[in-house]
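Each remark here refers to the structure printed beneath this line.
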Amino acid sequence: MSGSSAFVISNILPYLCGILALLLLWQYHQKQVLTGRIQSIDIFDRSGIRIYVFATPDDGQICKACWEANGMVYLPSQVANKDFVPRSGPCANSGRCTIVMAGMYGAWLEARNVVHRLRAAGRTGSLKLSAQELSELLKGNWEQSVSAATDRLAVLMLAALSGEKKNPEAAINAYRLAIREAKEVHDLPLVVPAYLRLAEVLVNMSRTDEALALVQEFEERYPREGRTRPYDPTETQRGLMAIKKSRLKTASVGRRA
Ligand SMILES: [Zn+2]
């Protein structure tokens, strides 16, 4: 070995060692991520979603197990688990209860507090908001936050669920908005529940023709043929809409006779 190449090697050796150390560190990090010991911040950043909030309509029809899911908040890493369910026991109404899953970034004050509490909750990766806390979260100044565009449909949808009775017009608008504008992956879980709740509210307000048109639109959007996509309606949800349709048709015919 010539003197000059020995000189080069001794010069670059510290860098080589540095690169090797980084490689080992990266491998260690990957291993930790794979074994679930690190809830990699990358996972949140890539999806743009930091929390999943679950809520049910306040219509007195929800079973106990599903009602307990109202106000539950989970980390995305929890929701991503294959056997994740937001409630502790099975639905006593055979899946007829509506539970909405709303993904949010949550950049406004009240939401940031929830994100901090959730991350501090440790291994469970979940926490329960009281009705009051959920209401405060949704009444926060989200429209002025950097996540306004990302979180808009989720916030409006959650607010609609608890406000169906008090302000049905606002609920109708929010559900229509979710149906029309949910395009992002994190908003897609809102669409089927929005159809179900909108149909329910329209029926309760005796807006029969609108309700019937909505059920028909639902059936066209989710045909039974073809491959199933994530967040397609379940058989139970299709059945609920089919029952509504036949009742609405009878009511519509009765009105015209
Ligand atoms: Zn239930």
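Limited to region 226-242, what total is found for residues that are without any contact (Cβ under 8 Å) to a residue 40 or more places away in the chain and within 14 Å of Leu214 (Cα to Cα)? Reasoning before the result, please.
Going residue by residue through region 226-242, those that are without any contact (Cβ under 8 Å) to a residue 40 or more places away in the chain are 226-229, 235, 238-239, 242.
Checking the rest, the ones that are also within 14 Å of Leu214 (Cα to Cα) come to 238, 242.
Number satisfying all stated conditions: 2.
Got a sec? Which helices (runs of 4 or more DSSP H) wholly within region 34-119 have at least 1 residues that are within 21 Å of Ala182 (Cβ to Cβ) and either of a type in the set (Gly, Ala, Ser) or modelled with pLDDT of 85 or more (or both)?
Values: elements: 41-47, 64-67, 76-79.
In region 34-119, the matching helices (runs of 4 or more DSSP H) lie at 41-47, 76-79.
Of these, Ser130, Ser88, which one is over 16 Å from the mean Cα position of the chain (by Cα), loosely packed, with under 13 Cβ neighbours inside 10 Å and within 16 Å of the ligand (Cβ to nearest atom)? Can you show your working first?
Numbers: Ser130 fails: within 16 Å of the ligand (Cβ to nearest atom).
One residue alone meets the criteria, Ser88.
So which pairs qualify, if the first residue must be in region 94-105 and closer than 18 Å to Thr236 by Cα and in contact (Cβ under 8 Å) with a residue 60 or more places away in the chain, the second must be near the ligand (Cβ under 9 Å from one of its atoms) and assigned to a loop (DSSP other than H, G, I, E, B), the Cβ gap must be under 7 Å, and the two must be at least 6 apart or on different chains?
Partner pairs satisfying both residue conditions: Thr98/Thr56; Ile99/Thr56; Ile99/Ala69.
Taking the options Arg197, Arg247, Arg255, name whichever one is of a type in the set (Lys, Arg), farther than 24 Å from Glu181 by Cα and touching a Ser or Thr at 6+ places or on another chain (Cβ under 9 Å).
Numbers: Arg197 fails: farther than 24 Å from Glu181 by Cα; Arg247 fails: touching a Ser or Thr at 6+ places or on another chain (Cβ under 9 Å).
It is Arg255.
Given the conditions (1) surrounded by fewer than 16 Cβ atoms within 10 Å (Cβ to Cβ); (2) farther than 23 Å from Ala159 by Cβ; (3) of a type outside the set (Phe, Trp, Tyr), which single one is not true for Leu212?
(1)
Just to check your reading of the model, which residue among Ser88, Ser135, Ser162 is of a type in the set (S, T, N, Q) and more than 19 Å from Arg197 (Cβ to Cβ)?
Working: Ser135 fails: more than 19 Å from Arg197 (Cβ to Cβ); Ser162 fails: more than 19 Å from Arg197 (Cβ to Cβ).
None of the other options fit; the residue is Ser88.
Could you tell me which residue of region 215-257 is surrounded by the fewest Cβ atoms within 10 Å (Cβ to Cβ), considering only residues that are within 21 Å of Leu190 (Cα to Cα) and hydroxyl-bearing (Ser, Thr, Tyr)?
Result: Thr228.
The values are calculated or read from the model by the stated rules, or taken from the named source; none is laboratory data. Note that this is a predicted model, so its numbers are computed, not measured. Note that each Cβ is placed from the backbone with ideal geometry, even for glycine, and that neighbours are counted across all protein chains shown.
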